[in-house]
Amino acid sequence: MQQRWTHIFLWILSLVALGYLVYRLIIFDDYALLAVSLGRAAATEWMALVVALLLLPMQLVVESRKWQLMLRGLVDVRLTDSLIQVLTGHVAALVTPYRLGEYPGRLLQMGYSWQQWRAAVGGWRQWLSDWRKWLRVLLLHLLRYGVWMVQFGALLLFCGVKMSMADMTLAIATYYLIITMMPSLPVADVPIKGGWAAVTFAAYTDNIPAVLLTVTMVWLINTIVPTLAGVCIPLIRQQTQSCK
């Protein structure tokens, strides 16, 4: 019964997220600027876009491995299941303030009963004391941060932002620190991040419209694509169950 209600909740969450995605894509008013960037892009800039797109699967795999390690000592999760839970977390994060639903969404996707979780958390002392595991989690977090920086830099190049490597690295790191510390809401996620990007990059470039386009493209790649994949999970599972 509990798993049934969990599946119903995930369905509702997926539908809400899908509706929100459609709404954001409808009100998006930079399609003309995006078309101009695509039309003017040279071969090297297209290569930068390809690199940015290819880094998304890498980010997801790194995050899935990190989540798998975080659960070790409580429950054993396969990497593929961890990836599904991470994608479901994207769906829950998109429709909750400050992305508060991300980790509860991951846990709900596991389908564990309260009795199973009660038994799992019984070994929480050993789970917390495994410093080697948490060191690996930290290293994976730093790796994902590095991948994100490279991706952001590649999209800056694609959008035509001309900066030195040192300035770009410093600006991206500062921007990441700010958006990590500042609260955000799903409804205003892109405008808020765009505003902070304008403030951060103004000291390094006058091409602020291209910076704002970069922020939008990062949102499209790192939020829209994983969320759409997460929305499809209930559909795929229902189709799989119907074929059995």
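Values in this text are rule-based calculations from the coordinates and carry no lab data. This is a predicted model, so every value here is computed, not measured. Note that each Cβ is placed from the backbone with ideal geometry, even for glycine, and that neighbours are counted across all protein chains shown.
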Peptides ranked, highest mean first, by Cβ atoms within 10 Å: ranges 225-235, 134-144, 49-59: 225-235, 49-59, 134-144
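Determine, for each peptide in 71-81, 98-108, the mean count of other beta carbons within 10 angstrom over its residues, then list the peptides with the highest first.
Listed from highest to lowest mean packing, they are 98-108, 71-81.
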Under-5 Å amide H pairs with ARG72, H placed in peptide plane, nonlocal only: none
Protection-proxy order for peptides 124-130, 166-172, each taking the mean of Cβ atoms within 10 Å per residue, highest first: 166-172, 124-130
Dimensionless Rg over Rh [segment 67-139; C-alpha; Kirkwood]: 0.99
